[in-house]
Amino acid sequence: MADDASVAAELLELGSATLGESGGRPMAARIKPAWPGARVAARAFPARCAPGDNLAIHVAVTETPAGSALVVDASAVPELGYWGEVLTTGAEARGLTGLVIDGGVRDVAALELHGFPVFSALIALPGATKVAGGSVGGTATVGGVVVHDGDWVVGDVDGVVVVPRDSVGDVLSAGRARAEKEQAMFTKLRAGETTITLLDLDPSKVERG
């Protein structure tokens, strides 16, 4: 297996849509880029927030391995700003590469200025408390997908997909094959063929007005 930097580069090049059709596990559609152009491909470090509280996130920022992305379940009370510019600044200083959170974030303009990739369920202004428990490491269910420490998380304009750490090679192979197949299809479409014939579809099932 290639080193992590090479894997990350190829995952980004293939993109979340292709990976999601190639054995990756797509997160729910509510998990979207917090700012236009955000992209991330990194190993995941999971955390789980207590309802309405982001103490676990503050702890996780200090424990997430450099080069990894923090992947957070804050879905119990999602409509709070669990993350903003202060945590982004701390995360950057410790070498984190991004955030995926099933919950709210704020300071979005500042996050974009930092160029720090963030994918969230929503934008929310009210802050969270910092006194309850939560947990870090192990696993977390984020966007409907169980994420293990060391899995790969890939986010771009189409959404977020999780690639299990033990099957990244298989997913990359399947992704390459799918990308090659689509390139061949593009060539045939430009030459005048249609998706009806290329995908062997049955147009007789569609009613005409």
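For L199 and E10, the difference between the fully extended length at 0.36 nm per residue and the C-alpha to C-alpha distance is 65.3 nm.
Got a sec? How would I101, I31 order by Cβ neighbour count within 10 Å, fewest to most? Show your work: numbers first, answer last.
Values: I101 28, I31 23.
Going from sparsest to densest Cβ surroundings: I31, I101.
Springs between Cα atoms under 10 Å define the GNM used for the chain, and in it the highest mean-square fluctuation of A179, A191, A132 occurs at A191. Here each label is just a point 7 Å from Cα along the line to Cβ, and for R94 and A29 those points are 3.5 nm apart.
Stokes-Einstein diffusion of the chain at 25 °C, 0.890 mPa s viscosity, Kirkwood radius from Cα pairs, rounded to a whole number: 137 µm²/s. Proximity of backbone amide H atoms, modeled 1.01 Å from N, is registered between V100 and L70, V71, V72, F119 at under 5 Å, excluding neighbours fewer than 5 places apart on the same chain. Ranked by the mean number of other Cβ atoms within 10 Å of their residues, highest first, the peptides 79-90, 193-204 fall in the order 79-90, 193-204.
Ranking R208, R94, R43, R176 by Cβ neighbours within 10 Å, fewest first, what do you get?
On the way: R208 4, R94 12, R43 22, R176 15.
The order, fewest Cβ neighbours first, is R208, R94, R176, R43.
With only the Cα atoms considered, region 118-184 has a convex hull volume of 114 Å³ per residue.
Of all beta bridges DSSP finds with both residues in the chain, what is the antiparallel percent, to the nearest 5?
Numbers: 19 of 37 bridges.
So the antiparallel bridges amount to about 50 percent of the total.
Calculated FRET efficiency, A17 to T187, Cβ-Cβ distance, R0 = 22 Å: about 0.65 to the nearest 0.05. Annotation: amide H of V160 within the under-5 Å range of M27, sequence separation 5 or more or interchain, hydrogens built in the peptide plane. When both bridge partners sit in region 97-192, DSSP labels roughly 65% of those beta bridges antiparallel.
Coupling constants for region 77-88 follow from the phi torsions by the Karplus curve (6.51 cos²θ - 1.76 cosθ + 1.60, θ = phi - 60°), and in residue order they are 9, x, 7, 9, x, 6, 9, x, 5, 4, 5, 4 Hz; glycine and proline get x.
Read-outs: derived from the displayed coordinates by stated rules, not from any lab. This structure is a prediction, so every number in the text was calculated from the model and none was measured. In this analysis, Cβ positions are derived from the backbone assuming ideal geometry, glycine residues included, and neighbour counts consider all displayed protein chains.
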